[in-house]
Amino acid sequence: METRRFESVQHYISNNFHSECKVETLANISGLSKYYFTRLFKETFHISPAKYLMNYRMNRAVKDMLDNTNLSMSEIAHQNGFFDESHFDKLFKQYHGVSPKKYQLQLS
């Protein structure tokens, strides 16, 4: 049942991941207080809403890297909600152990 409560939140994230998605907004969508939303979300998905959003953005960035090899890393970073290419590069290395460009080259 709790997963259904978050369907509208997941839909919102999938449509707005490229912009700022505040916890307050996600909580309002779910009809819960910010603190209860965060606790229930973590119980349901085993990660925080912020981590869920970051995972979503990373997965989309990887898809864009593979599908649109003509895009620069800066373009990929910006269209997936990262502040700048440097921020994207740093987080990407944390997630995948290599830079985005190296990752793209290894897969192509």
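Using all pairs of distinct alpha-carbon atoms, the Kirkwood hydrodynamic radius of the chain works out to 14.7 angstrom. Axis of helix 34-45 versus longest Cα principal axis of the chain: the two differ by about 70°, to the nearest ten degrees. Spatially, segment 75-108 and segment 1-58 are offset by 23 Å when compared through their Cα centroids.
Protein heavy-atom surface of the chain, 1.4 angstrom probe: 50% of the accessible area is carbon and sulfur, with nucleic acids and ligands not counted.
Relative to the dominant Cα principal axis of the chain, helix 7-16 is inclined by about 30°. Within segment 1-35, the GluC sites (Glu not before Pro) that combine a DSSP coil assignment with at most 13 other C-beta atoms in a 10 angstrom radius are E20. Restricting segment 1-56 to trypsin sites (Lys or Arg not before Pro) that sit in a DSSP loop and have at most 13 other Cβ atoms within 10 Å of their own Cβ leaves K22. Using C-alpha pairs below 8 Å separated by at least 6 residues, the relative contact order for the chain is 21 percent.
Just round it to a whole percent: the fraction of Cα-Cα distances in segment 1-42 exceeding 11 Å. Across segment 1-42, Cα pairs with separations above 11 Å total 61 percent. If you take all other residues with their beta carbon under 10 Å from the beta carbon of G81, and give Lys and Arg +1 and Asp and Glu -1, the sum is +1.
Sparsely packed loop sites in the chain (the chymotrypsin sites (Phe, Trp or Tyr not before Pro) outside DSSP H, G, I, E and B with at most 13 other Cβ atoms within 10 Å) comprise F83.
Among the lysines of the chain, pairs that are 8 or more positions apart or on different chains and have alpha carbons within less than 28 Å of each other number 25. Counting every Cα pair in segment 68-108, what percent are over 11 Å apart? For segment 68-108, the fraction of Cα-Cα distances above 11 Å is 60 percent. Relative to the longest principal axis of the Cα atoms of the chain, the long axis of helix 85-96 makes an angle of roughly 80 degrees.
The values are calculated or read from the model by the stated rules, or taken from the named source; none is laboratory data. What you see is a predicted model, and the numbers here were worked out from it, not measured in a lab. Here Cβ is always computed from backbone atoms with ideal geometry, including for glycine, and neighbour counts include all displayed protein chains. Areas reflect the complete protein model, heavy atoms only, side chains present, ligands, DNA and RNA absent. Shrake-Rupley method; radii C 1.70, N 1.55, O 1.52, S 1.80 Å.
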